[in-house]
1. Could you count how many residues in the range 79-109 are open to solvent by 20 Å² or more (accessible area, probe 1.4 Å), over 17 Å from Phe195 (Cα atoms) and modelled with pLDDT of 90 or more?
2. So which residues in the range 359-374 are without any contact (Cβ under 8 Å) to a residue 24 or more places away in the chain and surrounded by fewer than 15 Cβ atoms within 10 Å (Cβ to Cβ)?
3. Quick one: Ile572 ticks every box in (1) farther than 20 Å from Asn300 by Cβ; (2) at pLDDT 90 or above; (3) in a helix (DSSP H, G or I) except a single one, so which number is it?
4. Only strands (runs of 3 or more DSSP E) wholly contained in the range 155-238 count here; list those with 1 or more residues that are loosely packed, with under 15 Cβ neighbours inside 10 Å and in contact with a Phe, Trp or Tyr (Cβ under 8 Å, 6 or more places away or on another chain).
5. Report, ordered by the first and then the second residue, all pairs with beta carbons closer than 9 Å, sequence separation of six or more or different chains, a first member in the range 332-345 that is under 19 Å from Met237 (Cβ atoms) and in contact (Cβ under 8 Å) with a residue 40 or more places away in the chain, and a second member that is surrounded by fewer than 24 Cβ atoms within 10 Å (Cβ to Cβ) and of a type in the set (Ser, Thr, Tyr).
6. Of Leu461, Leu471, which residue is on the phi < 0 side of the Ramachandran plot, more than 22 Å from the chain's Cα centre (by Cα) and surrounded by fewer than 22 Cβ atoms within 10 Å (Cβ to Cβ)?
7. Could you tell me how many of the residues in the range 39-82 are within 15 Å of Leu185 (Cβ to Cβ) and touching a Ser or Thr at 6+ places or on another chain (Cβ under 7 Å)?
8. Check Arg418 against each of (1) over 30 Å from Leu503 (Cβ atoms); (2) without any contact (Cβ under 8 Å) to a residue 40 or more places away in the chain; (3) open to solvent by 50 Å² or more (accessible area, probe 1.4 Å) and name the one condition it does not meet.
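The values are calculated or read from the model by the stated rules, or taken from the named source; none is laboratory data. What you see is a predicted model, and the numbers here were worked out from it, not measured in a lab. Cβ atoms come from the backbone with ideal geometry, glycine included; neighbour counts cover every protein chain shown. Please note that ligands, DNA and RNA were not included when accessible areas were found on the heavy atoms of the full protein model with its side chains. Shrake-Rupley method; radii C 1.70, N 1.55, O 1.52, S 1.80 Å.
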Amino acid sequence: MASEKRGLALERARSFLQAGLVRTEDVTRDPLKWVAAHEVLAITSPDAIYAYSVHMNLFAGSVFKLGTAKHHDKFLPLIAAFEKPGCFALTEIKAGVLSGMAVDTTAVFDPADRSFRINTPNPGAEKNWISFATHAQWCVVFATLSKKGVDGDYGTHAFLMELADDEGTPISGVRVTDMGSKPVLDGNGNSRVWFDNVRVGEDALLDRFSRFNQEGEYESEILKKHERFMVAADQLMSGRVCIGSASVLLAQICSLTAIRYARKAQHGKDSDVRLFQHMTHRRTLLTNLAVVLALRFSGNVVKELWTACNILPRPQEISASQRAHMNTHVCAYKSHATQEAVRIAQESRDKCGGQALTSDNRLAELVHVAVSLVVVEGDGAIMAQKAARDLLTPYVKGGVLAVGKAMARQLVDNAWLRALLPSTLVDPATLEKILAIRQRGLELSLALGMAKDKRAGLSTLDAWSKHHLGLATHLHVAFSEYSAFVAFRAQLDRCQDRAAGELLRRFLVLYGLRAVEGDMGWLVGNTGFPAGLAARCTELVDSACLSVSLADALVLVKEFEIPEELLDMYPISREQQHEGHRSEALDVKDQAALSEPKKSR
């Protein structure tokens with residue numbers, strides 16, 4: 001059964017690729033099309049997105065970006081036709097989530113015959129969780145490069161090597177074993193891979209940035225080992241953009257499905273009361289819709305930042321600070337978007353009751369898909385920590401002076417917060433400033449905590465892992481929500497349609513109030529935010545939800561422009577009623593009833 005699912009996933013990925021909609025070169029020529037392909041597959045065939053993304057993003061993207069003409073001329077046509085399925089072997093069992101930063105697989109260059117020996121030197125060096133390795137014929141393998149007879153190594157490099165013949169039999173020296181079936185997404189086959197001193201030719205090294213010259217001496221345009229790995233693993237960054245964006249589209253499907261179900265599902269056999277009229281449903285569905293909108297707009301900003309750093313011929317003009325800024329936003333977005341998608345998928349399923357548990361309605365499946373997206377292309381927790389660490393860079397570089405300025409600003413911020421009036425909490429500018437103050441406060445708290453532990457003699461790693469992981473995660477959420485609010489507000493400012501702008505403004509305010517309400521304990525306890533406004537904030541969230549009608553929500557989800565043919569894959573979201581519910585369309589009486597929300601029992 002698993003084999004059939006994996007074969008089907010590959011065939012779907014092959015059909016999608018052979019349609020010619022996306023080519024390998026699009027990763028730098030048309031990056032937004034590259035991302036869109038992942039979005040489409042995420043909601044049509046979750047297993048196929050893994051087959052497609054591994055082959056096209058990780059494998060083909062690495063060959064294209066890290067290889068040279070000799071690799072492009074030979075392999076890109078085969079990749080485009082899916083004639084030589086490829087995989088991507090980076091992760092090692094011993095290194096865990098930090099795989100890549102420490103790779104035990106070795107590649108030893110022999111100047112005598114100008115070949116490399118790829119080897120798995122110990123059990124901990126086995127490549128694991130390698131998607132579709134049992135079906136791949138070629139592989140991009142990451143190994144620590146060294147030269148025979150020379151002490152030391154040159155860091156992690158990428159190699160293009162054959163994995164299996166046309167019949168699917170591993171070549172001599174390669175061993176591939178399936179990691180077994182999974183309760184969900186079993187169409188995405190994962191494997192372990194070992195290499196026993198496999199000899200590969202000189203051209204196996206993807207040598208755009210590093211190579212051995214004719215004298216057998218190592219050369220590289222990138223001087224630091226760590227930076228060589230970051231360049232070699234660059235496709236992980238594009239993968240994070242694609243996965244984050246696909247997660248948001250998945251959340252859109254779940255949110256849309258739950259809203260449309262709540263529109264038609266009635267409370268009781270002959271009741272005119274619909275689920276949407278109950279505040280427990282209304283609040284959850286509308287705040288989740290606000291989050292989806294915010295994630296869409298912030299995702300557009302992240303795509304723009306990533307595109308600017310990748311589209312040819314401009315990457316050479318991008319400064320190190322610009323690229324670092326992009327990396328921070330991409331990592332934060334991937335982590336936040338995937339974790340929010342899990343929450344929204346789960347809550348959407350819950351709000352659809354028993355209907356959501358049936359296989360044909362697929363909401364339960366989407367919950368598992370969302371969970372899987374959290375951990376691929378960089379574990380969500382690690383990405384969150386990276387973003388938090390990046391946000392401390394100004395404090396690290398600025399030292400005592402930077403901390404002093406931040407503390408002075410905090411005094412001004414707290415004075416401003418203490419003067420807040422309830423009426424100002426529905427003003428977008430006020431909400432944006434509150435979210436900015438929260439982020440700055442968390443940054444300062446984390447910087448001061450790390451500095452205190454350093455003075456106490458703790459290493460950076462110990463201080464971070466033992467004392468500050470929770471604060472770092474909190475900072476990541478604050479940064480992500482602030483960034484999303486700013487992107488949402490910028491989109492609102494560009495909106496020229498008055499009616500649409502007013503509807504978006506209500507959802508912007510709802511998103512901001514939700515973020516403030518969710519962190520009220522920290523704001524009251526650590527800033528000048530008035531404790532008396534806590535209850536008022538909750539009332540304002542409820543009021544914001546009541547200000548949005550069902551018709552408004554349906555207008556917005558329609559703007560997602562998800563074709564009805566695609567939504568037919570999720571029967572629970574269809575306009576027709578399910579068995580057990582009235583089949584007729586909502587009449588005037590229904591619409592009038594829906595205008596007045598009912599309190600939950």
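1. Count: 0.
2. Ser359
3. Of everything listed in (1) farther than 20 Å from Asn300 by Cβ; (2) at pLDDT 90 or above; (3) in a helix (DSSP H, G or I), Ile572 misses just condition (2).
4. Counting at least 1 such residues, we get 174-178, 198-200, 218-220.
5. Ala332/Ser483; Tyr333/Ser483; His336/Ser483
6. Going through Leu461, Leu471 in turn, just one is on the phi < 0 side of the Ramachandran plot, more than 22 Å from the chain's Cα centre (by Cα) and surrounded by fewer than 22 Cβ atoms within 10 Å (Cβ to Cβ): Leu461.
7. Residues that pass the stated criteria total 2.
8. Among (1) over 30 Å from Leu503 (Cβ atoms); (2) without any contact (Cβ under 8 Å) to a residue 40 or more places away in the chain; (3) open to solvent by 50 Å² or more (accessible area, probe 1.4 Å), the lone unmet condition for Arg418 is (2).
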